[in-house]
Amino acid sequence: MRFVFHYPELSGPDGDLLDAGDFGEVAAAAERSGFSGISVSEHPAPGARWLASGGHQTLDPFVALAFAAARTSRLRLLTCLAVAPYRNPALLAKQAATLDRLSAGRLILGLGAGYQKSEFHALGVDFEERNTLFDEALDVLPLHWKGEPFSYRGTHFSARDVQALPRPAQDPIPVWIGGNSKLSRRRVAGRAQGWMPMAGPPRLASTARTPVLTDSVAGFGAAIAELRAAADAAGRDGQALDVLHGYRAEGLHVPEREPERHLAAFAELEKIGVTWTAVSVPSRSRSATVEFIEAFGETYLADGPSED
């Protein structure tokens, strides 16, 4: 199992997200400490009420991860997640292809349909069309990345005999899809390379407009097994699907405390089919962020990152 460091998220409008540390320096520290990836989320124009009631500040994921790529050599770069309907699919594909090519094939494109109505309105995107627009993006991305001429008519665009070059380094760029709904899981089983379920309390699931995912490890394992079986039924290799779990256990902010408990939890997650685990820390300073990364690496990643 591999580990991703999710850059600390700052809730509310007070303070500055980057108080947690220079993004490039944090990425370099994560790589040195044995992490396999770094991730950031996306909210380009969130509602002020959402932000004031516990929502979090964000960076542009593609710009931030490009900055991280320049400071590292092997760290995978994960958008966790980018909202596919916010962009024309060709622009999304070009952003992803550029970052993947310039980073020598290190991008993992985590995508979701989005959930915040006010943000859709601010960006001029019809919230009710989000699933249609998401599926169109999933159609266009592989066509764009092939580097061959293609045509595609979408809801709001018509691509006629277009060709996108240069191609990304990976063939294809891995696409991981976020969300707990049946529709999200069908998309993963039929069209993606990974699943990013949203674990958390019912209030979080309600805000993000996704069903609650069971806190039971056995229940989570059953969901993973069902997903992989669905991929097999679709003629794909279900065992090749990645599954990312966001680990938020009490006490993890001090990694060296109770390591046996966390190691047992990681082993249990790996046993049920989790391939990547994301961890973070509620840090408000560069020193606290780097100290967490280094302590986590020394405690849990001493043998170094898994080979890609």
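The values are calculated or read from the model by the stated rules, or taken from the named source; none is laboratory data. Everything numeric here is computed off the predicted structure, so don't read it as measured data. Methodologically, a virtual Cβ is constructed for each residue, glycine included, from the backbone with ideal geometry; neighbour enumeration extends over all protein chains shown.
Summary of computed values
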| read-out | value |
| --- | --- |
| Verdict on A52 being buried (at least 17 other Cβ atoms within 10 Å of the Cβ) and aliphatic (A, V, I, L, M) | no |
| Long-range neighbours under 9 Å by Cβ, at least six apart or interchain, first residue in contact (Cβ under 8 Å) with a residue 60 or more places away in the chain within the range 50-74, second among the basic types (K, R) | R74/R106 |
| Matching entry among G219, G273, G251 (being surrounded by fewer than 16 Cβ atoms within 10 Å (Cβ to Cβ) and within 21 Å of M198 (Cβ to Cβ)) | G219 |
| Among the candidates S181, S151, residue that is among the hydroxyl-bearing types (S, T, Y), under 21 Å from P85 (Cα atoms) and modelled with pLDDT under 95 | S181 |
| Test: residue in the range 187-197 that is farther than 26 Å from G37 by Cβ, aliphatic (A, V, I, L, M), in contact (Cβ under 8 Å) with a residue 40 or more places away in the chain and in contact with a strand residue (DSSP E or B) (Cβ under 9 Å, 6 or more places away or on another chain) | no |
| Meets criteria (surrounded by fewer than 18 Cβ atoms within 10 Å (Cβ to Cβ) and of a type in the set (F, W, Y)) for F67 | yes |
| The range 22-49 - residue that is surrounded by 22 or more Cβ atoms within 10 Å (Cβ to Cβ) and touching a residue at least 60 places away in the same chain (Cβ under 8 Å) and, of those, farthest from P282 (Cα to Cα) | S36 |
| Test result for E291, free of Cβ contacts under 8 Å to residues at least 24 places away in the same chain and assigned to a loop (DSSP other than H, G, I, E, B) | no |
| Pair list, Cβ under 6 Å, 6 or more apart: the range 226-244 residue more than 9 Å from G190 (Cα to Cα), other residue surrounded by fewer than 18 Cβ atoms within 10 Å (Cβ to Cβ) and of a type outside the set (K, R) | G238/D232 |
| Condition check for R76: in contact with a Leu (Cβ under 6 Å, 6 or more places away or on another chain), closer than 27 Å to I38 by Cβ and of a type in the set (K, R) | no |
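Okay, residues lined up against (1) touching a Lys or Arg at 6+ places or on another chain (Cβ under 7 Å); (2) assigned to a helix (DSSP H, G or I); (3) surrounded by fewer than 17 Cβ atoms within 10 Å (Cβ to Cβ):
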site: A93; (1), (2), (3): no, yes, no
site: S118; (1), (2), (3): no, yes, yes
site: E128; (1), (2), (3): no, yes, yes
site: D139; (1), (2), (3): no, yes, yes
site: Y152; (1), (2), (3): no, no, yes
site: H156; (1), (2), (3): no, no, yes
